[in-house]
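For reference, the structure is listed below as structure tokens.
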Amino acid sequence: MWSDYIYEIPDDLYFRIHHVRPRFKNDVENVLVYMATEISKMNEAHKEKFADLLNEAIRRYPGNAVKELKTINNWRTEISSLFGFLEYNGDIVKPGRRAIELAQKEDLVEFFKYYLYNFQYPGAHLKVQEIAKQISAGIHFKPAQYILSVLKYAEENTGSRQYLTKAEACHCIFNDLRCTRDNEAPEKVWKRIIENRENDVEYDETGDVIRYAGDILDYMEIANLLIVYGGKNFYINKLENEAVLKFTNSTEWFNQYDRFIQNRYATYEEIKECYDEWFKFVNRDIKETDFETDILAFIANDVEEYQELKKQSYALYDKILEKSDVIKTKDIGDMGESLVHSHECQRVKIGGREDLIHLIKRIPTQFAVGYDIQSVELDERKRYIEVKTTISSKPLHFNKVHLTPNEWNTANTMRDRYFVYRLMISKTEKKLFLIQDPVGLYKRDLIDMIPKDGADITFSTTRAEVGNFEELLTWTN
């Protein structure tokens, strides 16, 4: 029986906001990397042909082979609409920019930042009739931006760390028209939340009730914008202040529905006419906003640890860069190549050949040599390293990589001098698996390779003949 202190939004201010929920939410990071990779290989095609190809790819995902067509179709809809992996031009469909970026970088932290930066209500991730309801209610709401604005105000006003729960986000923000329609000032929302806490007001925390607000908070955690303590309290991640400011200061908005919102009415046909433009919007080139992941900020637990990691990185770069080179934080921490470069320098140092460190070099992408790092053995032979990095909040499937045609050809030329370093970075662990001479391993039937615009490689991490795990070394003076 509920107590007398269950929080209720006044009837005239209540509107339950929602979105499509993926059936694969508990495995969302693995699924999105896989689907982005598959979609990025597809060519532009008529929507029916593209749907068939996409269904085939979905069926190849582990566990989907025997699922009913209805379930496969639902996956396709959720992937294409909610996450904006496709672009549409009438009946023609092509892979979207966001899918291609995720396939190339396997950086889910970056992907979810872009996703949340664009995500709004109303948007074409909803069915037409649901968009019409939101238009009728006057909804004009960017959830991630609003949540960050409330928490940012709370911390600046109190001078201390502040949090939101999923229930508070649901009942005090998501389902309240004062926020989603009227864009109420953050201080008023925060005052209401604090008053509820002080008065021991309870919320309906039923899963079906709070799940939509909960989804957004979960996605914000994957994006490293929020950190969660105790499994329920979400705080702004202080290591992402730059990204938080980009969110809170943004004025970007998909405005195709605005004239309908102003009139509180649109026909289904008028709403459908906005569909293609929505997917062009979420896949646009956001030139002024760079969300590439600072790996040091991602793996650090707090500001102190981040500063120490950065100090170590600067010490490394002082040794190997010319004084004229400008060192930027992003150059140090954003990409897996930086961590592998540090690893290689430390490996050589531990081996007693610190005199060789200057020979270990990251190769600029534009040189297109087929590898990321030129390293060196202790006997001064060259080692050519292609780094394949995945960045996610949870550990992902680890045993697949894609080599471009240039990378596979280079591997064929260099043979035992060519290494693939498979690096997986999550909040809980870092794994580094080394594969030497992938072409030779394929010819000896020790790994699987499917030619797909290069080579899709699948390998076992438990077979010693295939490769080996190494501890990811951190540079020390």
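Read-outs: derived from the displayed coordinates by stated rules, not from any lab. Bear in mind that the values here come from a model prediction, so they are computed numbers and not experimental data. Neighbour counts run over all protein chains shown; Cβ positions are idealised from the backbone, glycine included.
Data overview
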read-out	value
Nearest-0.05 FRET efficiency for Tyr5 and Thr77, computed from C-beta distance (R0 35 Å)	0.30
Gyration tensor (alpha-carbon) shape descriptor, region 11-282, a/c threshold 1.5	prolate
Potential lengthening between Ser460 and Thr365 on full extension [0.36 nm per residue; Cα-Cα distance subtracted]	31.3 nm
Residues with amide H under 5 Å from that of Asp107, placed H, sequence gap 5 or more	Ile391
Trp253 paired with Glu380, simple spin-label distance in nm, labels 7 Å along Cα-to-beta-carbon	6.6 nm
Under 5 Å, built H, 5+ apart or other chain: amide partners of Arg383	Ser375, Val376, Glu377
Where labels lie 7 Å past Cα in the beta-carbon direction, separation of Thr428 and Glu269 in nm	5.3 nm
Rh by Kirkwood over Cα pairs, then Stokes-Einstein D for the chain at 1.306 mPa s and 10 °C, µm²/s	65 µm²/s
Protection-proxy order for peptides 9-20, 94-105, 179-190, each taking the mean of Cβ atoms within 10 Å per residue, highest first	94-105, 179-190, 9-20
Segments 282-293, 200-211 sorted - mean Cβ within 10 Å per residue, highest first	282-293, 200-211
Packing-based exposure ordering (other Cβ within 10 Å, fewest first) of Thr365, Thr390	Thr365, Thr390
Region 347-352 - phi-based ³J(HN,Hα) in whole Hz, Karplus 6.51/-1.76/1.60, Gly and Pro as x	4, 5, 4, 4, x, x
Computed E for Arg284/Arg60 - FRET, C-beta separation, R0 41 angstrom, nearest 0.05	0.85
Equivalent ellipsoid, region 297-469 (semi-axes from 5 times Cα gyration tensor eigenvalues, Å)	27, 20, 15
Label-point gap, in nm, between Arg23 and Glu470 - each point 7 angstrom along Cα→Cβ	4.3 nm
222 nm mean residue ellipticity, helices alone, for the chain (DSSP H n ≥ 4; -39,500 (n - 2.57); rounded to 500)	-12500 deg cm²/dmol
Extension reserve of the Lys127-Arg353 stretch, reckoned as 0.36 nm per residue once the Cα distance is removed	75.1 nm
